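Chemist: Encoded as structure tokens, here's the structure I'll be asking about.
Only the coordinates and a few stated rules stand behind these numbers; no lab work does. Bear in mind the structure is a predicted one, so any value in this text is a computation, not a measurement. Cβ sites come from the backbone with ideal geometry, for glycine too, and all protein chains shown count toward neighbours.
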Amino acid sequence: MVVLWAMSAVGLLLVAPVVVLLASYVIRPARECMRYADDILDHGVGITVALEPVPALITTGELVAGVTSNAVAYVGALRSLVAASSRPSPQ
């Protein structure tokens, strides 16, 4: 019975601290990985919020194309007016 108590004391005093020490070597990097994963999640949500207006760029591109064609037509009309006004008038 004394041997059982002695081995239990050895197990408690020597083995248990070693197990706790080894567990800390595993738990610390696991917690660090969890912090990194949380950081990635936070920034991923931030990117999602920043990318919400991207579909509006399609509409903006279509509107710019329409304005460009109208501006080209307007400039062409102005050129013809300027060219007509710069010609000498017949008297």
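Chemist: Expressed in nm to one decimal, what extension gain is obtained for the pair residue 33 and residue 86 from 0.36 nm per residue of sequence separation less their Cα-Cα distance? Working shown, then result.
Modeler: Values: separation 53, 0.36 × 53 = 19.08 nm, distance 7.59 nm.
Value of the extension gain: 11.5 nm.
Chemist: Go through region 43-52 residue by residue and turn each phi into a ³J(HN,Hα) via Karplus (6.51, -1.76, 1.60, θ = phi - 60°); whole Hz please, and just put x for glycine and proline.
Modeler: Coupling constants for region 43-52: 6, x, 5, x, 5, 4, 5, 5, 8, 4 Hz.
Chemist: Any chance you could give the angle, 0 to 90 degrees and rounded to 10, that helix 54-86 forms with the longest Cα principal axis of the chain?
Modeler: With both axes taken from Cα atoms, the answer is about 20 degrees.
Chemist: Ignoring everything except DSSP H segments at least 4 long, calculate the 222 nm mean residue ellipticity for the chain; use -39,500 (n - 2.57) per segment, divide by total residues, nearest 500. Please list the in-between numbers first.
Modeler: Values: 3 runs with 77 residues, N = 91.
For the chain, the value works out to -30000 deg cm²/dmol.
Chemist: Hey, another quick one. Using +1 at the Cβ of each Lys and Arg and -1 at the Cβ of each Asp and Glu in the chain, identify which of 46, 5, 25 lies farthest towards the dipole's positive end.
Modeler: The one lying farthest along the dipole's positive direction is 46.
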